[in-house]
1. Run THR301 past the list (1) in a loop (DSSP other than H, G, I, E, B); (2) among the polar types (S, T, N, Q); (3) open to solvent by less than 30 Å² (accessible area, probe 1.4 Å) and report the number of the one that doesn't hold.
2. Would you check which residues across the range 84-113 are assigned to a strand (DSSP E or B) and not small (Gly, Ala, Ser) and list them?
3. Output the residues belonging to the range 265-289 that are assigned to a helix (DSSP H, G or I) and either touching an Asp or Glu at 6+ places or on another chain (Cβ under 9 Å) or hydrophobic (A, V, I, L, M, F, W, C) (or both).
4. Just to verify a result, which residue in the range 405-415, among those that are part of a helix (DSSP H, G or I) and over 9 Å from LYS494 (Cβ atoms), is least open to solvent (accessible area, probe 1.4 Å)?
5. Name the residues in the range 14-31 that are assigned to a strand (DSSP E or B) and either within 15 Å of LYS54 (Cα to Cα) or polar (S, T, N, Q) (or both), would you?
6. Just to check your reading of the model, which residue among GLY275, GLY294, GLY260 is within 11 Å of ligand 2 (Cβ to nearest atom) and either surrounded by 13 or more Cβ atoms within 10 Å (Cβ to Cβ) or closer than 20 Å to ASP397 by Cβ (or both)?
7. Quick check on the range 422-461: of everything there that is within 11 Å of ligand 1 (Cβ to nearest atom) and among the basic types (Lys, Arg), which residue is surrounded by the fewest Cβ atoms within 10 Å (Cβ to Cβ)?
8. Given the criterion in contact (Cβ under 8 Å) with a residue 12 or more places away in the chain, assigned to a helix (DSSP H, G or I), more than 16 Å from ligand 2 (Cβ to nearest atom) and buried (at least 17 other Cβ atoms within 10 Å of the Cβ), identify the matching residue among ALA358, ALA385.
Amino acid sequence: MKSHAITDNFQDANVDALAIAVFKDEKPGGGILKELDKLTGGLVASTIKGEEFKGEAGETLLLRFSPKGKNSAGSLLLVGVGDKLDYKTSGVAKVSGTATRVLRKINVKSFALMPRCDSEPNMEVAACAMQGVITSQFELDKYKTSDKNAKSIDSFVLFVEGAKSGDLKDGLERGEIIGESMNFTRDLANEPANILHPTEMANRAQKMAKEVGLKCEILDEKQMEKLGMGSLMSVSYGSEQPAKLIVLRYEPKKSTAKKGELLAIVGKGITFDTGGISIKPAEGMDAMKYDMSGGASVIGTMRAVGLLKPSVPVLGVVAAVENMPDGKATRPGDVVTAMNGKTIEILNTDAEGRLVLADAVAYAEGEGATRIVDMATLTGAVIIALGDLNTAILGNDQELIDEIIECGKEAGENFWQLPIGAEYSKRIKSDIADIKNIGPARKAGTIIGAVFIQEFVKEAKWVHLDIAGTAWADAEKPHHSKGPTAVAVRTLIKLIEKSQ
Ligand code: BES
Ligand code: ZN
Ligand code: ZN
């Protein structure tokens, strides 16, 4: 995808269309809106005055006019951003994404965007703009042989008056890396489970690692048995597809991290969740191909890290496993022993995410992680509690939780904290083993999932993100298609870069 930046005269952009962010109830009286009003022969002022366009978030209006002078554009798209006070850098991705989706539909191949976001730094504005252009063009139609969306924007021009063009150029490059890494995550999450089984997930991670210069190690079942990962392996017994532990390592040439500090991101990679012997009802079971979204977000974040090259090391771990019922499958009531020596009574084989994360988190700490963030489509309960608007965040270190919530605010992703504590942990005590994998029916399901994983963290600072409600969008938005969202990728990139 071609992109460049201009900083003085937007009329120099040689593009098919112009797009401009417009605030709610903005008057077209001065500045750039006035210039555009002139260019369009008064169309901007008349549509705003006539209340055809109000500047609400996500609203768009296309104006056609005769191109003048050097500028070849004959269309101007007004893109609403809502209240000016609420317009933050991350909002630029929505504006650019919305413009991209409207303009490509009418066969525009190139456009120039004026995002009009005052937040500094300009490099971040440019990164968000480019990310939005890229993520907005992801579609679910990979396996269609006809009716595919073939229309795309090939060239993007960013106009920020008075900015340093070097900053914008760096930002555009950065936004391309982030956007493509998000789409990489989304493609993984969207793959059907007959295509993306644990082995394929591992292959894709390995290929990506080679391309971006990460170390990648794939542990097979024999190696996992040897490490004592009886909890993870118990989920895999019912499947013909062998489990894989995907380990990605980024090590900077020169690290600025404190000696011994290592951040690990760990993902649930259940490539399909039937529930196992505690089988799920048929209705909606197909959605469970997305049960590896946490793992996909780990792999996408690691891709971005490999290309952005921060000065701190990052470890990525994905437990890729298929949860199926068959003659070898784990039964409700079975007892297994995890890598850290704890025994688990498995009372429901559908609570499998926590079982694979138990060993994956212990493995990450064993590899030296001092901070661990795990991501998982762990519970249906989180969808009841927070819907698709907030990711649940829980953990043993308030500072790390606050840091992630703050990174999320900057990235435009919402997190909402739920409590943990000894009283909740008591609820997973088993009569016959150390712990059981479920708590009392329908009570605090998301918290119970988290305190189970906590049992496998020794000394590390640890945060758990339950993304079951936020990893998949059921409806299209003006700036992106429905389907996988690559949740947490942008937030984690911020967290990693702030640790430098
Ligand atoms: N992958 C599911 C969580 C899930 C359920 C995500 C529905 C999206 C929609 C997870 O493995 C699961 O089945 N969890 C159970 C846990 C229960 C048995 C304690 C759940 O949430 O029902
Ligand atoms: Zn399950
Ligand atoms: Zn699951």
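1. (1)
2. PHE111, LEU113, listed by residue number.
3. Within the range 265-289, MET285, ALA287, MET288, LYS289 qualify.
4. Across the range 405-415, the extreme among qualifying residues is ILE405.
5. Of the residues in the range 14-31, the ones assigned to a strand (DSSP E or B) are 17-23.
Hits for the range 14-31 are ILE20, ALA21, VAL22, PHE23.
6. On the way: GLY294 fails: within 11 Å of ligand 2 (Cβ to nearest atom); GLY260 fails: within 11 Å of ligand 2 (Cβ to nearest atom).
Just a single option satisfies the conditions, and that option is GLY275.
7. Among them, the one singled out is ARG442.
8. ALA385
The values are calculated or read from the model by the stated rules, or taken from the named source; none is laboratory data. The shown structure was predicted, so the numbers you read here are calculated from the model rather than taken from an experiment. With ideal geometry, Cβ positions are generated from the backbone for all residues, glycine too; neighbour counts draw on all protein chains shown. Ligands, DNA and RNA are stripped out before the accessible areas are found, and what is left, the full protein with its side chains, is counted by its heavy atoms. Shrake-Rupley method; radii C 1.70, N 1.55, O 1.52, S 1.80 Å.
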